[in-house]
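Engineer: Handing you a structure now.
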Amino acid sequence: MIEDVLARVDQLKGETASDDPLVIAKHLKIETVPMEGSIKGYAMHISVIELIGYNVNLNAIWQSFSTWHELTHVFDKHIYEPGVSFLCDGSFCEESVYSNNIPRHERIANFAAAHAVLNDDDVMEATGFSIPAYREYRKLSAEYTKFCRRYEDLRDVIRFSRPSRSMLTQLNNLRRSIHSTSEELKELEDELVNCYGPRTLEDAACDLGTEIRILEYKLEGMRLRGLDIDPHELEQYNKMFEGVFAADNM
Ligand SMILES: [Zn+2]
């Protein structure tokens, strides 16, 4: 389970009081080998000796991510899976979380690395998921969609049968709810735009000093751990407020 691997990352950080994958490797008695060249890193074992290679020519973001990635291949025992004793990483570190081309252990290693290099609270803040107005906006948006769906369903029923008095009252109530919710949504949109501006995945990655690819793994990992976030929403974020921006520009 991915959640167990992420919990193990937290546990290792706690045991060493460090975020540094090289410190954690030492704690786990894993040999670390600095290297150069085109590969990003490797993980292997020779009999009982476990070791990881990390590329010193990568920038700080990718070096930390890749080293955590290799570390995961060892502590989650990927290098002991049947037919594997050596894992060499070229581009898997950069494969999207939504890609189907990524082998299971590479995916797990990316989830663990993203979880390790980014802090939950920082991510919640940079993406806007911790902003109360945004949380309210998401809640109301879901309610609005529910009201609209019920309204459409009821209207379909009424179209093909003689409506009862209670049905008509219900239809009217739904119409009123849709109207008032849309007014509230508009107000919240204004507040969000005026106070925070649009928050795209790109904005958030930039604020956090990370790469979009890494942030996607982190967010998806947070969602799997049951946090109330939706990574796909961020891609839609500035589209969500398009109407408001268009009106402002006039
Ligand atoms: Zn790998």
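Bear in mind that the values in this text are calculations on the coordinates, not laboratory data. What you see is a predicted model, and the numbers here were worked out from it, not measured in a lab. Glycine also receives a Cβ, built like all others from the backbone with ideal geometry; neighbour counts cover every protein chain displayed.
Engineer: Reachable lysines from Lys29, Cα under 23 Å, same-chain residues fewer than 8 places away excluded?
Structural biologist: Result set, ordered by chain and number: Lys13, Lys40, Lys77.
Engineer: If R0 is 51 Å, what FRET efficiency do you get for Lys29 and Asp153 from their C-beta distance, rounded to 0.05?
Structural biologist: Computed FRET efficiency for Lys29 and Asp153 comes out at 0.25.
Engineer: Would you mind checking the tilt of helix 60-75 against the longest principal axis of the Cα atoms of the chain, expressed as 0 to 90 degrees and rounded to 10?
Structural biologist: 70 degrees
Engineer: Taking 7 Å along the Cα-to-C-beta vector as the label spot, tell me the Ser91-Lys186 distance in nanometres, rounded to one decimal.
Structural biologist: Reported label-point gap for Ser91 and Lys186 is 4.8 nm.
Engineer: So, one more: Quick check: residue separation of Ala142 and Ser18 times 0.36 nm, minus the Cα distance between them. What number comes out in nm?
Structural biologist: Length difference between fully extended and current span is 40.6 nm.
Engineer: Show me the trypsin sites (Lys or Arg not before Pro) within region 74-157 that DSSP assigns to loop and that have at most 16 other Cβ atoms within 10 Å of their Cβ.
Structural biologist: Lys77
Engineer: Right, something else. Once you have the Cα-Cα distance between Leu168 and Ile61, take 0.36 nm times their residue separation minus that, and quote the gain in nm to one decimal.
Structural biologist: 32.6 nm
Engineer: To the nearest 10 degrees, how steeply does helix 165-196 sit against the main Cα axis of the chain, on a 0 to 90 scale?
Structural biologist: 50 degrees
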